[in-house]
1. What about P42, is it closer than 20 Å to R208 by Cβ, out of contact with any Asp or Glu (no Cβ under 6 Å at 6 or more places or on another chain) and open to solvent by 40 Å² or more (accessible area, probe 1.4 Å)?
2. Go through segment 341-362 and count every residue that is open to solvent by less than 30 Å² (accessible area, probe 1.4 Å) and assigned to a strand (DSSP E or B).
3. I'd like the full set of residues that are of a type in the set (G, A, S) and at pLDDT 95 or above, limited to segment 242-275.
4. It is to be established whether one or more residues within segment 199-210 are assigned to a strand (DSSP E or B), under 27 Å from V23 (Cβ atoms) and in contact with a His (Cβ under 9 Å, 6 or more places away or on another chain).
5. Taking segment 128-139 as the search range and keeping residues that are in contact with a helix residue (DSSP H, G or I) (Cβ under 8 Å, 6 or more places away or on another chain) and in contact (Cβ under 8 Å) with a residue 12 or more places away in the chain, which one is farthest from P93 (Cα to Cα)?
6. (1) free of Cβ contacts under 8 Å to residues at least 40 places away in the same chain; (2) open to solvent by less than 70 Å² (accessible area, probe 1.4 Å): which one isn't true of H365, the others all being true?
7. If you go through segment 308-326 one residue at a time, how many are β-branched (V, I, T) and either in a helix (DSSP H, G or I) or under 23 Å from S279 (Cα atoms) (or both)?
8. So for segment 151-162 (the condition being in a strand (DSSP E or B), free of Cβ contacts under 8 Å to residues at least 40 places away in the same chain and either more than 30 Å from D368 (Cβ to Cβ) or in contact with a strand residue (DSSP E or B) (Cβ under 8 Å, 6 or more places away or on another chain) (or both)), does at least one residue qualify?
Amino acid sequence: MAKVLIENLVKIYPDKTGAGNKVVHGINLEINDREFMVLVGPSGCGKSTTLRMVAGLEEISGGTISIDGRVVNNVLPKDRDIAMVFQNYALYPHMTVYDNMAFGLKLRKFPKAEIDQRVREASAMLGLDQYLDRKPKALSGGQRQRVAVGRAIVRKPKVFLFDEPLSNLDAKMRVTTRTEISKLHARLGATMIYVTHDQVEAMTMGDRICVMKDGHIMQVAEPLTLYNHPENLFVASFIGSPGMNFFKGTIKQSGAALQFVETNDQATPVTVTLDAKLSAKAAGYVGKPVIFGIRPEDVQDTLTVTEPNPNHTVEVKVEVSEPMGAETYLYLNTGVTSFIARVRPTDRFEADQKVKVTFMLENAHLFDGKTEKVLK
């Protein structure tokens, strides 16, 4: 397998003004040998464009891409020793599963015995043995996607590239197939780069995740590091389901303590006395705009907390209660800010009901109100 090194990568599409439309802004990323790297972000963030430049399907406007120590900027896709799995399966409808998987090897003049061995190894790995004589129209969406993955596996490339391969599958099939791809990575020990807009896929599959926005890399880290230690407001909002709650306000001095006070002229503002850890981070921000961030699981119904801290407790109004089975999502409103709490499934709430919730500050964050970077 191989290491992939992306240095100062730029992509500019021409436009009528002549200046061009820059969609990837000089990004740098190192993907280690045998690593499963996930590129994640909203539509238009440049993740698929980056992947296609690695594959050689998009021309590079600036910077370099190296695979296994070799710069491949001007190397044809077929000579880069990569295999790509697309969102649409791109199977030949008139060919059987066997022939679809074998086609690339036949073009490369591999011996028949080796082609047969590789195809049967891949089909056994993917549970496709009983479907080898079928044509794509006789397969389910998940089976077709496995055939597309199998076609990549038989190549035995240095790098596997996946461009949103599960987008066309239903929710249950997505869960099953992403598990299969993760198992496949463990079995092959291959270098894989996987593009998705689904942060749940990213969190469950990646060794590391590269979060992108508007052609820039916002943070690269292991999944739990992104979740627990986001570098900025965008990463904090994008990673997690439901996403992190945010309250705009300022830091105020109250005696010896520091408080976060929500900007709210419609009702009593959320006021939270900061603990020692957050106070240390906010020491230089007294009187300045900040954003207080806390995840739904750290917003608890006061009735379920042993000795709730009154300095971390606020009264808010219930907007919607969503029972999810194992838990309930409680949509709350302070008067200007809507936010979500994850509470016990046995608790029942009515719309417009007043409830008291306690913020558990151990995993809360403060962000600079202007730069949106986390306070450290």
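1. Details: closer than 20 Å to R208 by Cβ: yes; out of contact with any Asp or Glu (no Cβ under 6 Å at 6 or more places or on another chain): yes; open to solvent by 40 Å² or more (accessible area, probe 1.4 Å): yes.
Here the answer is yes, as P42 does meet what is asked.
2. The total comes to 6.
3. Restricting attention to segment 242-275, the residues satisfying the condition of being of a type in the set (G, A, S) are 243, 249, 254-257, 267.
Result: G249, single match.
4. Here is the first cut: in segment 199-210, the ones assigned to a strand (DSSP E or B) are 208-210.
Now narrow it down to the ones that are under 27 Å from V23 (Cβ atoms): 208-210.
Then keep just the ones that are in contact with a His (Cβ under 9 Å, 6 or more places away or on another chain); that gives none.
There is no residue in segment 199-210 that is assigned to a strand (DSSP E or B), under 27 Å from V23 (Cβ atoms) and in contact with a His (Cβ under 9 Å, 6 or more places away or on another chain).
5. L128
6. Among (1) free of Cβ contacts under 8 Å to residues at least 40 places away in the same chain; (2) open to solvent by less than 70 Å² (accessible area, probe 1.4 Å), the lone unmet condition for H365 is (1).
7. Keep residues of segment 308-326 that are β-branched (V, I, T), which gives 313-314, 316, 318, 320.
Checking which are either in a helix (DSSP H, G or I) or under 23 Å from S279 (Cα atoms) (or both) leaves us with 313-314.
Here the count works out to 2.
8. Filtering segment 151-162 for residues in a strand (DSSP E or B) gives 159-162.
With free of Cβ contacts under 8 Å to residues at least 40 places away in the same chain added as a condition, the list becomes none.
Checked segment 151-162: no residue is in a strand (DSSP E or B), free of Cβ contacts under 8 Å to residues at least 40 places away in the same chain and either more than 30 Å from D368 (Cβ to Cβ) or in contact with a strand residue (DSSP E or B) (Cβ under 8 Å, 6 or more places away or on another chain) (or both).
The values are calculated or read from the model by the stated rules, or taken from the named source; none is laboratory data. These figures come from a predicted structure and were not determined experimentally. Positions of Cβ are generated from backbone atoms using ideal geometry, with glycine treated the same way; all protein chains shown enter the neighbour counts. In case anyone asks, the SASA skips ligands and DNA or RNA and just uses the protein heavy atoms, side chains included. Shrake-Rupley method; radii C 1.70, N 1.55, O 1.52, S 1.80 Å.
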